[in-house]
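Trainee: Attaching a single structure in structure tokens format; questions to follow.
Nothing in this text is a laboratory measurement; each read-out follows from the coordinates by a stated rule. Not measured: the values here are computed from a predicted model. Ideal geometry is used to build each Cβ from the backbone, glycine not excepted, and the neighbour counts take in all protein chains shown.
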């Protein structure tokens, strides 16, 4: 019995990747054959199995976009396509894949904006993050951490130079180094800290419903609040039962959890 | 004679109550008193006490009536009267009479055999009227079949006339309905599910029963509040939710209850979790009754071997069939595709159609025939699609498939219908422009997985990073502090070196060295310097250069005792005299003076330690 179990172990371990690969290959094949429903079924089955892969997300986005292209669109397809591309961008280590995902995303969002415009609503699909967050994302967490270390060393050197040097020019140079490096150290460390916080705690999602009207915490629709457009990338603040609290630009409210799809991160 | 007559009368008076107590009482009733032709009435005779009743026979019913059934059953009651327990047995003979002709009939009498004696009951009258003559009884929405009225007619009115109303006729008990105890006396609700663990979409059958104690009067049912099943899709398994279906009789806590089914639902869980079924509530006239709150543990079907395209919630056993007509059309013409999805469980309300280039599927027309069959929900949904081919040639329409989880087989299944090929001939419809289609500028798909970033190591995840970040500044701070501390230490050391106490130590060491030598002048010189240092260290007085009597007075003013001051002065004088004597001094004398000098210094030190104020 034990021997049989031991022999079965490698086979069991090997089953999972092969099933994953088969699902991916089936999805790609269906995509190439212009059969979006089969492709969607395969890529969604991969996602159900917890497979986090930039290419699978990207091809899933293409499958949904293909269904729209073939005039067989289901409600939410544009949002799901956008989700696949957003996830691919987030996960990818391939700059060309990320670039293709970004251009596909732009097409999807312009289609959503065009439809909204036809309804008489003007939406800015790309709601910018706060300047501070934008700055923290500019260089990335490790870069800001390295910059902070550099300014820390410069500050230390300046302090020692100012203390030990006797020549007036050297002391003046040290004073300038201190004056520059001290605030820069604080800023760089804070940006690294923000980037780290975002990496660990920031959850984002894409709206996968044609339009979502945000409500307050009691489920009452917010007056004057704009409708969240399909394919918009929102920040998830909190969750409670079937409701999710989101932030999108200056908009802050609760929406049904089923209208969102969370973006996986590495 | 008179005495004998009086004794006889007294005996009779004593025996009459006893005889009266022993004689059975018979009560006769017929319910209802008036019926229509074709209906039935119940003629019953209750005998109390009836423990000795062995037979009951009714006189042949008159023409126009027929006897359709009869029974004889005892019931027991224990009463407590003035602390004494007594048991009363009532025998009930019931005769079911069916009317076939109009008229007024006399029923009975009924002859009862009790302990070998034959007892005859009174007669009762039954009126039979033509069909449709009696006013239509307004059905109670909760008791349209008059179940509880039947109780009332059959038992309640008669039992009220007996010493108690807790008589329990014998009923066929259904053990499946029996319970250990009743949550409420008299009437209560009871809810039960056929399973407490299910997967999302699997049917859970919920039954809600009403239990009524057969010996109690009819409950007045009103104000029903439905069970709360917000986490489930709910389908009724009975044809009419407003009807009450008698389920049988049950023993609950040693008593007999009539049980009726109020509700029966197929519930389909909508999501995973511990889902609650909130109780049904009902007013019974004597207060509100509610059924139990039930919980069903719901999970998703297993991930292993789950087919692509499976939608969570599709549970049951499904079959698909399809027909396509016509198979040969012109471009742009309509092809009818009729798909029938049948089976048990919660059938999906939509199908995923095979999207192919050159084929447009329009929204389907859906018709359904869903119902319960032996408490299992299922049926057929028919989807009628119109398909428009936009490309010429042979077009493969593909397959329609529905994956499902079969809870009985514990496996996934796939219901599939192959649609086959249609031949599309040239038609008048315009060819759709490819560029006019939406999202025609999408990039190419990727064929290989694996372009995913692995989780990066981050500098700032380590506390060491934050320590390193602060290190240069901290090092500078440490350097500044270290320098300051070293300065303070050096200052203090320097101060220690130049203090009178430190000098005294040096002088005493020099004195020891001189005493060890053989130079009397050097010993005296060292003694003088030791004494001067001693005065400076312990009395705070510099006696150097002060001569003669002045030394003693200066020391005395500084708080040194006159005796010690005198000794110090004398020693200084002696040492100076010997040191500068032209003949020189004896070595032993010089050593003696050195010893005394040390003693005086110790006295000064002792005085300083004890506190000068006391010396003063």
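Trainee: What FRET efficiency comes out for residue B:583 versus residue B:502 if R0 is 45 angstrom and r is the Cβ-Cβ distance? Round to the nearest 0.05. Write down the numbers at each step before the final one.
Mentor: On the way: r = 36 Å, r/R0 = 0.81.
Calculated transfer efficiency: 0.80.
Trainee: Going by average Cβ neighbours within 10 Å, how do the peptides A:35-42, B:369-376 rank, with the highest at the top? Mind showing how you got there, number by number?
Mentor: Numbers: A:35-42: 24.5, B:369-376: 12.5.
Highest-to-lowest ranking by the protection proxy: A:35-42, B:369-376.
Trainee: Across the residues of A:61-67, average count of Cβ atoms on other protein chains within 10 Å?
Mentor: Per-residue shielding by partner chains comes out at 3.
Trainee: I've got another one for you. In nm, what is the difference between 0.36 nm times the number of residues separating residue B:40 and residue B:550 and their Cα-Cα distance?
Mentor: Values: separation 510, 0.36 × 510 = 183.60 nm, distance 15.15 nm.
Extra length from residue B:40 to residue B:550 when fully extended: 168.5 nm.
Trainee: Using Cα springs under 10 Å in a Gaussian network model of chain A, which residue among A:209, A:95, A:168 shows the largest mean-square fluctuation?
Mentor: Highest fluctuation of the listed residues: A:168.
Trainee: Now for a different question. Mind giving me the FRET efficiency for residue B:283 and residue B:113? R0 is 51 Å, r the Cβ-Cβ distance, nearest 0.05 is fine. Write down the numbers at each step before the final one.
Mentor: Working: r = 46 Å, r/R0 = 0.90.
The value I calculate is 0.65.
Trainee: While we're on this one: Go ahead and collect, in residue order, the members of region A:25-44 whose backbone nitrogen is under 16 Å from a label point 7 Å along the Cα-Cβ direction of residue B:396.
Mentor: Inside the label zone: A:26-39.
Trainee: Here is a follow-up. Under 17 Å from a label point 7 Å along Cα→Cβ of residue B:239: give me every residue in region B:364-379 with its amide N that close.
Mentor: B:370-376
Trainee: Report, in deg cm²/dmol and to the nearest 500, the calculated mean residue ellipticity at 222 nm for the protein assembly as shown, where each DSSP H run with n ≥ 4 adds -39500 (n - 2.57) and the sum is divided by the residue count.
Mentor: Numbers: 17 runs with 314 residues, N = 882.
Taking each H run of at least 4 residues, the total per residue is -12000 deg cm²/dmol.
Trainee: Right, another one. Calculated FRET efficiency, residue A:48 and residue B:251, Cβ-Cβ r, R0 45 Å, to nearest 0.05? Before the final figure, lay out each step's value.
Mentor: Details: r = 50 Å, r/R0 = 1.11.
For R0 = 45 Å, the calculated efficiency reads 0.35.
Trainee: Just order A:236-243, A:154-161, B:244-251 by mean Cβ neighbour count inside 10 Å, highest at the front, would you? Intermediate values should be presented prior to the final figure.
Mentor: Values: A:236-243: 12.5, A:154-161: 19.5, B:244-251: 18.0.
By packing density, highest mean first, the sequence is A:154-161, B:244-251, A:236-243.
Trainee: Taking only Cα atoms and a 10 Å spring cutoff, compute GNM fluctuations for chain A and point out the largest among A:170, A:65, A:88.
Mentor: Looking only at A:170, A:65, A:88, the largest GNM fluctuation is found for A:170.
Trainee: Given the options A:152, A:57, A:110, which has the most mean-square fluctuation in a GNM of chain A, springs set between C-alpha atoms less than 10 angstrom apart?
Mentor: A:152
Trainee: Here's something else I'd like to know. Let me confirm one metric for peptide A:157-168, namely the mean number of other chain beta-carbon atoms within 10 Å of its residues' beta-carbons. Don't skip to the answer; put the middle values down first.
Mentor: Values: counts 2, 2, 7, 5, 0, 1, 4, 1, 0, 0, 0, 0.
Taking the mean over all residues of the peptide, I get 2.
Trainee: How crowded by other chains is B:349-358, given as the mean number of beta carbons from other chains within 10 Å of each beta carbon?
Mentor: On the way: counts 0, 1, 0, 6, 2, 5, 14, 7, 4, 2.
That average works out to 4.
Trainee: While we're on this one: With a ≥ b ≥ c taken as the square roots of the eigenvalues of the C-alpha gyration tensor of region B:369-411, please select rounded if a/c is under 1.5 and otherwise prolate if a/b is larger than b/c or oblate if it is not? Don't jump to the answer; show the numbers that get you there.
Mentor: Working: a/c = 6.76, a/b = 2.08, b/c = 3.25.
Taking the square roots of the gyration eigenvalues as a ≥ b ≥ c, region B:369-411 is oblate.
Trainee: Extension gain residue B:67-residue B:192, at 0.36 nm per residue separation less the Cα-Cα distance, in nm? Present the calculation step by step, with values, prior to reporting the outcome.
Mentor: On the way: separation 125, 0.36 × 125 = 45.00 nm, distance 3.97 nm.
The span from residue B:67 to residue B:192 would gain 41.0 nm if fully extended.
Trainee: Also, I was wondering about something else. Let a ≥ b ≥ c be the square roots of the eigenvalues of the Cα gyration tensor of the protein assembly as shown; is it rounded (a/c under 1.5), or, if not, prolate (a/b larger than b/c) or oblate? Walk me through the numbers before you get to the answer.
Mentor: Numbers: a/c = 4.64, a/b = 1.69, b/c = 2.74.
It is oblate, given that a/c is not under 1.5 and a/b is not larger than b/c.
Trainee: How far apart, in nm, are two points set 7 Å out from the Cα along the Cα-to-Cβ line at residue B:57 and at residue B:131?
Mentor: Distance between the two pseudo-spin positions: 3.5 nm.
Trainee: Here's something else I'd like to know. Using a 7 Å offset from Cα along Cα-Cβ at residue A:160, what residues in region B:477-503 end up with backbone N under 14 Å from the label point?
Mentor: Under 14 Å, as judged by backbone N against the label point of residue A:160, lie B:477-480 of region B:477-503.
Trainee: Okay, next question. With label points built 7 Å along Cα→Cβ from the Cα atoms of residue B:495 and residue A:186, find their separation and express it in nm.
Mentor: 3.8 nm
Trainee: What is the distance, in nm, between label points placed 7 Å from the Cα along the Cα-to-Cβ direction at residue A:247 and at residue B:602?
Mentor: Those two pseudo-labels are separated by 8.3 nm.
Trainee: Just want the ordering: B:596, B:494, from fewest to most Cβ atoms lying within 10 Å of their own Cβ.
Mentor: Going from least to most buried by this count: B:494, B:596.
Trainee: Using a 10 Å cut-off around each Cβ, can you sort A:108, A:176 from fewest to most neighbouring Cβ atoms? Kindly include the intermediate steps, with their values, before the conclusion.
Mentor: Values: A:108 31, A:176 11.
Sorted ascending by nearby Cβ count, the order is A:176, A:108.
Trainee: Okay, moving on. How would you rank B:580, B:465, going from fewest to most other Cβ atoms within 10 Å of each one's own Cβ?
Mentor: Values: B:580 12, B:465 17.
If I rank by nearby Cβ atoms, fewest first, I get B:580, B:465.
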